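J.: Sharing a structure below in structure tokens format, with a few things to ask.
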Amino acid sequence: MSNKKNWHDQHKETLSFGSRLADSVAKGMGSWRFIIIQTILVMLWMSLNVLAFTHHWDVYPFILLNLVFSTQAAYAAPIIMMAQNRQNDRDRAQALSDYETNVEAKLEIEALTIKLNTIETEKLDKIIKMLEEMESNSKK
């Protein structure tokens, strides 16, 4: 088994803590789990503020909730863009790795083709020589 690291492992090792954190935040925010949890929290927030009997900390039209969403969006957008930029870098690294692998495979196939052609030529030469010997023996 080879210890050679693939492009993905090499790329992961170069990421800073902030980059890894941004990737995991973007991954979490792009999940159904996040959407479902956020929907439940928003419904709970609105319900508690509409139905609260004594204390409404964010009365309709839920200005504080809008502020929370605005703040979340202000941070989420750049984090998601950073994660997308890193995904582009990973895609480029993978494409380059695939290209290099394809070039190496092409060179190996060409070398094998040359070797097979040489073997076939040698076999044909031997067959021709054997036929000539058989022909010369049959004439004697």
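Quick note: the coordinates plus some simple rules give every number you see, no bench work behind them. Just so you know, these numbers come straight off a predicted model, no measurement behind them. Here Cβ is always computed from backbone atoms with ideal geometry, including for glycine, and neighbour counts include all displayed protein chains.
J.: I need the calculated FRET efficiency for the pair Met81 and Val50, taking r as the beta carbon distance and R₀ as 35 Å, to the nearest 0.05.
T.: Details: r = 36 Å, r/R0 = 1.02.
Once rounded, the FRET efficiency stands at 0.50.
J.: Please check the chain for the longest run free of chymotrypsin sites (Phe, Trp or Tyr not before Pro) that are loop-located per DSSP (anything but H, G, I, E, B) and have at most 12 other Cβ atoms within 10 Å.
T.: Values: sites that count: Phe53, Trp57.
Result for the longest clean stretch: 58-140.
J.: Per 10 Å bin, what is the whole-percent P(r) computed from every C-alpha pair distance within the chain?
T.: All Cα pairs, binned at 10 Å, distribute as 9, 19, 16, 13, 11, 9, 7, 6, 5, 3, 2, 1, 0 percent.
J.: On to the next question. With each run of n ≥ 4 DSSP H residues scored as -39500 (n - 2.57), what mean residue ellipticity at 222 nm is computed for the chain after dividing by its residue count and rounding to the nearest 500 deg cm²/dmol?
T.: On the way: 4 runs with 118 residues, N = 140.
Mean residue ellipticity, 222 nm, calculated: -30500 deg cm²/dmol.
J.: Can you compute the FRET efficiency between Glu108 and Lys129 using 1/(1 + (r/R0)^6), with r the Cβ-Cβ distance and R0 = 30 Å? Round to the nearest 0.05.
T.: Details: r = 32 Å, r/R0 = 1.05.
Using R0 = 30 Å, I get an efficiency of 0.45.
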